[in-house]
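Contents: one structure, followed by commentary.
The values are calculated or read from the model by the stated rules, or taken from the named source; none is laboratory data. For clarity, every value in this text was computed on a predicted model and none was experimentally measured. Counting neighbours? That spans all protein chains shown, and the Cβs are built from the backbone with ideal geometry, glycine included. These accessible areas exclude ligands, DNA and RNA; they are computed on the full protein's heavy atoms, side chains included. Shrake-Rupley method; radii C 1.70, N 1.55, O 1.52, S 1.80 Å.
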There are 2 protein chains.
Amino acid sequence: MVRAADRAERPARTSVWLEGKARRSGAARGGQPSSLDRDRITEVTVRLLDAEGLAGFSMRRLAAELNVTAMSVYWYVDTKDDLLELALDAVFGELGLPDQDQDPDPKSESAGDWRDQLRTLASGYRDLLVRHPWVSPLVGTFLNIGPNSVAFSRTVQRVIRRTGLPTHGLSGAIAAVFQFVYGFGTIEGHSIQRSAAAGVTPDEYFQQAMSALKGAPGLDDVLQDSEEMMQARGGRTVEEMYERDFHFALDLVISGIEAMVLREGQ
Amino acid sequence: MVRAADRAERPARTSVWLEGKARRSGAARGGQPSSLDRDRITEVTVRLLDAEGLAGFSMRRLAAELNVTAMSVYWYVDTKDDLLELALDAVFGELGLPDQDQDPDPKSESAGDWRDQLRTLASGYRDLLVRHPWVSPLVGTFLNIGPNSVAFSRTVQRVIRRTGLPTHGLSGAIAAVFQFVYGFGTIEGHSIQRSAAAGVTPDEYFQQAMSALKGAPGLDDVLQDSEEMMQARGGRTVEEMYERDFHFALDLVISGIEAMVLREGQ
DNA sequence: ACCTGAACACCGTTCAAGT
DNA sequence: ACCTGAACACCGTTCAAGT
């Protein structure tokens, strides 16, 4: 935590993206390119985070992976948080957003249905959170002003404007969709991570958890309710259940947007 | 992270709540009560987490606060994670849920409107996440089967059943509401925490961030869009903006539930 | 039954020094 | 310009020992 003394000494860190200016980027001199640069460091960081999780990642572990001493990385990056911010924005680049200047007229028919576009963006974000479970805590921690996160926000805003919602409802609607996806993807990612850490499939883990809970006092009726809901959902695997819930909830939110458009329309 | 070797040695930790049985609880012998017990340890843990944040909390720091050596706590708790699970469930007890056996008939008029009940639960959960920003990462990490979290889930299920949704849509609707609240409260809590760490009010922090971003290339138009949306929202403080967005989004999701009820009704 | 002290294997980061 | 080594002030947890 930040204590008063720390605060007096230096301004609180805001973001890597608000740094002095372009950082040394390898291959500076005439010789062969240096083995290290921000891109390579970021790339290996993402790989390690995927493999070991946020808690398992350390500067020393990273340095070892780069065949370099622990402190070398600090030449390219001021703090571990800077590095995590870089990794975070890097994976936002995986999202594959639609070309942004194409179709400048939001009302044209060829612009495509906002519902489909919203579904694509939401699914992409969900997949990102599930593929990289360390993304979720970082999204909560940092300012998210890297180029790729900004491109994502920009795209989200553009699509939400197409709904026909009044301006005062835009940010609320964005929250309803993407904070839902954030929460959903976070929990789904953690659950997959947990079963992987236990060395079993999600389905096996689910069965184990269920039978472990069977014995616990006061939980039996909750379990019964859950099983009832699971039966009704009809999914045969855990993954299928997540899939059905996600799409039902997304349809629900989209219907909510349509209702708000009608309500505030006239 | 868990490596293969660790896995072979012992079964993966699941939850404090699935432990052998009741733990030593102070005042065991005839003399004056021991200074330590799980309740007191949990209480101090919550206080420290509130004050220092999840990153600032440590077993050694906790022991110091309890005027005890670092290892004493391990008599009452197996791991730090156990302790965090206890703290997590403890704050879920702050939610003040409606009495659960009252009004057993879900169709009776006096049961109250599910919309109001949903709003109460959602607001309570949001406040919890904002008041204790360390709750959010823990909700994502653990199984959430402590008595108070279970009571919360149970209440949520009961209210959602009153909407009239078909059974196969219940879990999706729960996700649409409470994963949204989870995401929203997480981000809101972090933003308040960030400004507090920087020693300024949320409004001051917001101004600072805005002017810092003014210089950054490629962000100007995003800023302009954001300012436009803020104008339209009409909130005068950051807190007011969060408030408006939250309630707009919640209304939106509730409208979505109503739409799904109608759609699947006949 | 409860608590301690020393130790192990880690952290992020600073700082002076090397090439 | 880039990298190293030693050091500082921390971690969670184990283990043998005390009372």
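Remark on segment A:215-229: accessible area falls by at least 30 square angstrom from chain-alone to full-complex state for A:L219, A:V222, A:D225, A:E228, A:M229, probe 1.4 angstrom.
Multiplying the residue separation of A:T237 and A:W75 by 0.36 nm and removing their Cα-Cα distance gives an extension gain of 53.6 nm.
Sorted from shortest to longest, the distances between the B:A64 label points of this copy and the other copies are 2.9 nm, with each point 7 Å from Cα along the line through the beta carbon. Assuming charge only on the beta carbon of Lys and Arg (+1) and of Asp and Glu (-1), the dipole of segment A:182-266 about its Cα centre is about 140 debye to the nearest 20.
Both chains summed, the buried accessible area for B and A stands near 5700 Å², from protein heavy atoms and a 1.4 Å probe. For segment B:240-266, a decrease in accessible area of 50 Å² or greater in the assembled protein chains relative to the isolated chain, with a 1.4 Å probe, applies to B:F248, B:L252, B:S255, B:M260.
By a 1.4 Å probe calculation restricted to protein chains, A:K214 has an accessible surface near 120 Å², given to the nearest 10.
Here the accessible area is traced with a 1.4 Å probe on the protein chains. For segment A:111-252, carbon and sulfur cover 54 percent of it. The string of couplings for segment B:62-79 from the Karplus curve (6.51, -1.76, 1.60, θ = phi - 60°) is 4, 4, 4, 5, 8, 6, 8, 6, 3, 8, 4, 4, 5, 6, 9, 8, 6, 9 Hz, one whole number per residue in order, with x for Gly and Pro. Take A:H247, push a point 7 Å out from Cα through the beta-carbon direction, and compare it with the same point in every other copy: 3.6 nm, smallest first.
Ignoring everything but the protein chains, give the 1.4 Å probe accessible area of B:D203 in square angstrom, nearest 10. Answer for B:D203: close to 60 Å² accessible. Overall, segment A:109-265 carries a charge dipole of about 760 debye about its Cα centre when +1 sits on the Cβ of Lys and Arg and -1 on the Cβ of Asp and Glu, all other atoms neutral. A 1.4 Å probe run over the protein chains yields, for segment A:125-266, 39 Å² of accessible area per residue, whole-number rounding.
Chain B residue nearest the rotation axis toward A, with distance: B:G256, 1 (Cβ to axis, whole Å). Projected onto their three principal axes, the Cα atoms of segment A:109-265 cover extents of 54, 36, 29 Å, largest first. A simple spin-label model places the labels of A:N67 and A:R47 1.2 nm from each other, with each point 7 Å out along Cα-to-Cβ.
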